[in-house]
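Throughout, read-outs are computed from the coordinates displayed, never taken from laboratory work. As the structure is a prediction and not an experimental result, all values here were calculated from the model. Quick reminder, even Gly has a Cβ in these numbers, built from the backbone with ideal geometry, and neighbours come from all protein chains shown.
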Amino acid sequence: MSTSVARARWIGFQTIILRECGRILRIWGQTIVPSAVTAALYFVIFGTLIGRRIGQMDGVDYMQYIAPGLIMMAVITNAYANVSSSFFGAKFQRFLEEISVSPLPDWLVVLGYVGGGVLRGLLVGLVVTIISLVFTHLPVHHVLVIFAAVLLTAVVFSLAGFINGVFAKNFDQVNWIPTFILTPLTYFGGVFYSINLLPPWAQSLSHANPVLHMVNAFRYGFLGRSDVDVVLAFAIMVGAAVALFGIALTLMRRGTGLRD
Amino acid sequence: MQALEVRNLVKQYRNGVQALKGIDLNVAQGDFFALLGPNGAGKSTLIGICTSLVNKTSGSLRVFGHDLDTELEAAKACIGVVPQELNLNQFETCETIVVNQAGFYGIPRRLAHERAEKYLNQLSLWDKRHKMARTLSGGMKRRLMIARALMHEPRLLILDEPTAGVDIEIRRSMWDFLRGLNEGGTTIILTTHYLEEAETLCRNIAIIDRGRIAEADRMDRLLLKLHTESFVLSVRAPLAAAPTVAGYEVRWIDPHTLEVEISKTQTLNDVFSQLTASGIEVVSMRNKVNRLEEIFMRLVDKSGSPA
Ligand SMILES: Nc1ncnc2c1ncn2[C@@H]1O[C@H](COP(=O)(O)OP(=O)(O)O)[C@@H](O)[C@H]1O
Ligand SMILES: [Mg+2]
């Protein structure tokens, strides 16, 4: 591949990322504020009011225990929502055609949209982190684990959102998965409790939930404790990212939901 | 070099509609080419396939020698397209839209801004550069789509009914603009269902009807064919060959049948008097159906008369 092609692709990729950033900032009331408000409410209600009764969870202060989970919840929700709604919107309003007619290869289009989702996930995650620091303090046990876990999680859910955006035929189908699949998975994914509190069958069931592994790996980075094997957790995240990228690319190549 | 070569292109949509039934088409570099046909003829489908927005069923396409199956990126880089349906991000400003489009084609940002100024100016949109697309009038949106298609300075510009629903004045200034662009070396393919538009602008034309190319020729020759009527004459005495009739083309079909072509400026009287002078007696005469004219009748019926 010649350097001029590589440079052209790089500019194209940057353009998608810049456009996504522009969108996130332009409609910040929809992209950034809701998750910040939700997280603050969780901290007030679960942390301050109910948390005082709970005391400790897995040997740490309850507020501290839920903080990594709430950050992760924001990252998951926002990465997913950004890509699914932005991609679907581009398809719906047809301006995705601007990219489809250009020489940008499919894999780069996927990466561009995923990049946008990752950036929003991380941005909102940072906002929620700052809010959580108002209520509690967070030790840093292993900084690399923190960054790797949050990044991989954002990538996985951006890719999932991309696939949702490809298949969606209307806005209901963009909202369906987050409401009926993503939210339950995160609520049962060890954000608010350690699965050691659960009966054995529910513990085994929880291990099938990828979000449990992501949240625990992330929490391990801060608090040094986890309900799951952290190495296994990373293997699951990498595996999911690779598989979802493969699916997204195949859909793009076939033009599923995009070309007649 | 051909700007576009289409070979045996077939498109069947999932619902079973066969929109293209084996299209062959050549558009030379530098040409100003019209693709004319009634609604539903398959124009947009053909353009969709050329621009990778529609999957083909079978056949092959080359753009400046780049096969779409094997050198897709190189082919795409040569094409700029103005689609029939609006496909603008309604919440982006004119300038953002064209600069981003340049970005997707790999054009550095600084150069993209220079070109944005150039093309938005040429299409009288520069003072609207900070306005969102949704605030523009229909004609302005269409011009914005033209500016957007030019940002990577494509060698081949394809416009799908660019003047549909645009008022006369703007249509004429669009024509002037496109003519200038073509004189500057850009190959242009235009679909339309206005014969006048094709006639004013284009050197070559293909007529597409029900998924087939009905006719592809130089514009002037096509107009001649269109304005020519064929008559079938039955003669009493058998003839061994076509008689000479000065100024007319007479074809011998069989010993009792001749065919003659009459353009709208000529008269049948003239033909008859010459035949009478040669001692040929015509018993009866009928009009041969002009396939082109029949297609044009349908063009006019569906689209109303052009401006
Ligand atoms: N997405 C589609 N799905 C199914 N049929 C289609 C689709 N698009 C166009 N067609 C059909 O294909 C034929 C050609 O349409 P089109 O290419 O839009 O014609 P034109 O642009 O010449 O008006 C028509 O019969 C039309 O109904
Ligand atoms: Mg059309």
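What the table shows:
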quantity	calculated
Conditions (1) within 16 Å of ligand 2 (Cβ to nearest atom); (2) aliphatic (A, V, I, L, M); (3) touching a Gly at 6+ places or on another chain (Cβ under 8 Å); number of the one not met by B:Ala112	(1)
Count - residues of the range B:56-90 that are at the interface with chain A (Cβ under 8 Å from one of its Cβ atoms) and touching a residue at least 24 places away in the same chain (Cβ under 8 Å)	10
Test: residue in the range A:120-130 that is free of Cβ contacts under 8 Å to residues at least 12 places away in the same chain and surrounded by fewer than 24 Cβ atoms within 10 Å (Cβ to Cβ)	yes
Yes/no for B:Asn100 being under 25 Å from B:Met174 (Cβ atoms) and surrounded by fewer than 23 Cβ atoms within 10 Å (Cβ to Cβ)	no
Residue that is nearest to the other protein chains (Cβ to nearest Cβ), among those in the range B:33-47 that are more than 6 Å from ligand 1 (Cβ to nearest atom) and not small (Gly, Ala, Ser)	B:Ile47
